[in-house]
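Undergrad: Sharing a structure here in structure tokens format.
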Amino acid sequence: MGYARTRSSLISVAFRSLRSLFPYNLRTNNMKIKTRTFLGVSVSLILINLAAIMERADENLLPSVYKEVSEAFNAGPSDLGYLTFVRNFVRGLASPLAGVLVITYDRPIVLAIGTFCWALSTAAVGVSKYFFQVALWRAVNGFGLAIVIPALQSFIADSYKDGTRGAGFGLFNLIGTIGGIGGGVVATVMAGFEFWGIPGWRCAFIMMATLSGVIGLLVLLFVVDPRKNIEQEELMVHKTNSTSVWNDSVVAIKAVVKVRTFQVIILQGIVGSLPWTAMVFFTMWFELIGFDHNQTASLLGLFATGGALGTFTGGIIADKMSRIFPNSGRVSCAQFSASMGIPFSIILLKVIPQNTDSYSIFSITLFLMGFSITWCGSAVNAPMFAEVVPPKHRTMIYAFDRAIEGSFSAIAAPMVGILSEKMFGYDSKGIDPLKGSSVREAAALSKGLLSMMTIPFGLCCLFYTPLHFVFQKDREKAKTASHKETEMI
């Protein structure tokens with residue numbers, strides 16, 4: 001026990017010593033710590049959004065080169081699905097660790113640790129020679145993302161007030177989606193070339209890892225936690241050297257899992273995240289239809305652009321709806337968005353002819369689909385989580401959301417592959433080795449995707465219904481608890 005405490009203390013001191021080499025803060029009379037601003041915008045928020053950009057880019061990297069990875073390692077859709085499963089499953093299991101770490105360390109330190117983990121694993125995937133190595137490093141990647149995502153979400157929640165968090169999370173997702181578009185487009189385009197005799201997809205992984213490492217270092221050195229002041233920092237040092245860290249973690253976990261709103265959102269999230277996990281096959285599907293790398297990249301870029309604008313627009317609409325209907329406005333927005341996934345999935349995967357002549361209609365459908373089905377996270381889930389627990393438990397509630405949803409949704413990708421191969425007749429040997437396309441295999445994959453999208457979207461819409469009745473009580477309880485803590489201080 002003594003050794004563990006000493007080691008934890010040394011880690012904390014080492015990180016603080018490194019950060020002290022780059023002074024960035026100003027201490028005021030009331031002992032608050034203020035971050036620098038650039039053009040009137042907090043440097044901390046700028047760097048946090050850059051971290052979000054890299055996180056989204058990293059998530060989209062592997063799905064964008066599924067076809068190339070399939071050829072390099074002789075892997076079918078089910079094998080590729082297992083890579084997504086491994087990463088998401090580990091991310092789900094490890095997510096609660098973020099809630100524990102922020103009790104002991106500043107969130108910038110936690111974010112930097114996670115960023116370095118995913119940067120290392122991304123570079124390792126780029127140099128892997130065997131499929132099992134790729135799977136191993138994808139698991140490490142999931143661990144890094146597990147630490148980063150809840151900390152990012154709670155950071156944003158603490159940076160905005162009630163009634164504006166929808167727009168705040170929407171803007172955060174909008175900026176992050178830029179990274180997703182960039183990562184997906186760059187990887188897809190680079191995959192069609194070789195650089196110094198190295199396949200382009202491998203170069204894309206190494207380049208993304210380098211940029212992620214740089215952003216992680218900047219976050220560690222220059223980001224200020226919005227909850228941090230001098231007294232809190234001293235308290236953290238005390239906690240690092242005591243068993244209260246574990247006790248506080250247990251208290252936070254119990255407080256979070258008893259919240260009815262949390263339980264309902266988790267229930268809908270388990271099924272609602274299945275379609276999004278299945279969508280990792282979109283790149284492969286379009287290339288099987290016959291679209292080249294550039295066309296596929298542009299189609300997915302339009303989908304991501306629509307999604308980015310949709311999260312921001314949905315957040316603004318939900319904020320206004322929450323002022324008019326405080327107890328049900330956000331929930332109604334979420335149900336609308338989830339329900340729109342059903343007709344758009346059918347149109348995209350069943351109605352539109354699967355050939356290269358349908359490029360224009362694919363483009364319009366993907367943009368509108370992205371715009372309308374992306375409201376739930378930024379407009380409802382994230383802002384409502386911030387309102388139903390005290391501020392000190394926000395990272396923990398976001399962490400457990402990722403843990404449970406991520407673990408269950410991880411099955412979607414391998415299920416798409418299994419359904420496509422076993423039920424709908426997908427055969428990787430049927431792909432034209434010269435063109436890299438196959439109408440038959442594209443049709444089989446689209447049926448697998450349709451199965452994992454329409455039904456979950458419908459159930460997601462249905463499972464949001466109890467929030468109309470439980471959200472108000474949970475929000476009032478959280479406000480009462482926060483007031484009591486403030487009075488005690």
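Undergrad: When you go through (1) surrounded by 20 or more Cβ atoms within 10 Å (Cβ to Cβ); (2) modelled with pLDDT of 80 or more one by one for residue 95, which number turns out not to apply?
TA: (2)
Undergrad: Considering segment 290-299 alone, what residues qualify as being at pLDDT 85 or above and of a type outside the set (Ser, Thr, Tyr)?
TA: Selection gives 291, 295, 299.
Undergrad: Could you please find all residues in segment 303-340 being within 16 Å of residue 468 (Cα to Cα) and among the aromatic types (Phe, Trp, Tyr)?
TA: 325, 336 - these are the residues of segment 303-340 that are within 16 Å of residue 468 (Cα to Cα) and among the aromatic types (Phe, Trp, Tyr).
Undergrad: Here is a follow-up. Can you tell me which residue is farthest from residue 63 (Cα to Cα) among those in segment 114-127 that are among the β-branched types (Val, Ile, Thr) and surrounded by 23 or more Cβ atoms within 10 Å (Cβ to Cβ)?
TA: For segment 114-127, the residue satisfying everything is 115.
Undergrad: Just the residues that are in a helix (DSSP H, G or I) and over 15 Å from residue 369 (Cα atoms), please, taken from segment 321-334.
TA: Matches in segment 321-334: 321, 322, 323, 324, 329, 330, 331, 332, 333.
Undergrad: Checking residue 132 against (1) free of Cβ contacts under 8 Å to residues at least 40 places away in the same chain; (2) more than 26 Å from residue 62 (Cα to Cα), only one condition comes out false. Which one?
TA: Every condition holds for residue 132 apart from (2).
Undergrad: Among helices (runs of 4 or more DSSP H) lying entirely in segment 176-272, which contain 2 or more residues that are at pLDDT below 75 and not aromatic (Phe, Trp, Tyr)?
TA: Filter on segment 176-272 gives 230-240, 244-257.
Undergrad: Checking the condition modelled with pLDDT under 80 and in a helix (DSSP H, G or I), which residue from 136, 145, 152 passes?
TA: Sole residue among the options that is modelled with pLDDT under 80 and in a helix (DSSP H, G or I): 152.
Undergrad: Within segment 304-320, is there a residue that is at pLDDT 85 or above, of a type in the set (Asp, Glu) and either closer than 19 Å to residue 363 by Cα or assigned to a helix (DSSP H, G or I) (or both)?
TA: Checking segment 304-320: at least one residue is at pLDDT 85 or above, of a type in the set (Asp, Glu) and either closer than 19 Å to residue 363 by Cα or assigned to a helix (DSSP H, G or I) (or both).
Undergrad: Look through 62, 80 and report the one residue that is among the aliphatic types (A, V, I, L, M) and touching a Pro at 6+ places or on another chain (Cβ under 9 Å).
TA: 80
Undergrad: Moving on. Within segment 374-408, take every residue that is more than 19 Å from residue 467 (Cα to Cα) and of a type in the set (A, V, I, L, M, F, W, C) and give me the one that is surrounded by the most Cβ atoms within 10 Å (Cβ to Cβ).
TA: In this case the residue turns out to be 399.
Undergrad: Could you list, in sequence order, all residues of segment 56-82 that are part of a loop (DSSP other than H, G, I, E, B) and under 23 Å from residue 307 (Cα atoms)?
TA: Correct list: 65 only.
Undergrad: Let me ask you something else. Given the condition surrounded by 19 or more Cβ atoms within 10 Å (Cβ to Cβ), over 30 Å from residue 376 (Cβ atoms) and not acidic (Asp, Glu), answer yes or no: does some residue in segment 182-195 qualify?
TA: Yes; the residues of segment 182-195 include at least one that is surrounded by 19 or more Cβ atoms within 10 Å (Cβ to Cβ), over 30 Å from residue 376 (Cβ atoms) and not acidic (Asp, Glu).
Undergrad: Quick check: anything in segment 105-114 in contact with a helix residue (DSSP H, G or I) (Cβ under 6 Å, 6 or more places away or on another chain), hydroxyl-bearing (Ser, Thr, Tyr) and not in a helix (DSSP H, G or I)?
TA: Checked against the condition, which is being in contact with a helix residue (DSSP H, G or I) (Cβ under 6 Å, 6 or more places away or on another chain), hydroxyl-bearing (Ser, Thr, Tyr) and not in a helix (DSSP H, G or I), segment 105-114 yields no hits at all.
Undergrad: If I ask for residues that are among the polar types (S, T, N, Q), touching a Phe, Trp or Tyr at 6+ places or on another chain (Cβ under 9 Å) and under 30 Å from residue 192 (Cα atoms), which ones from segment 261-294 would you list?
TA: Matches in segment 261-294: 277, 283.
Undergrad: Okay, next question. Which residue, of 315, 341, is within 26 Å of residue 451 (Cβ to Cβ), of a type outside the set (Val, Ile, Thr) and under 25 Å from the mean Cα position of the chain (by Cα)?
TA: 341
The values are calculated or read from the model by the stated rules, or taken from the named source; none is laboratory data. Because the structure is predicted, anything quoted here is derived from the model rather than measured. Virtual Cβ from ideal backbone geometry, glycine too; neighbours counted across all protein chains shown.
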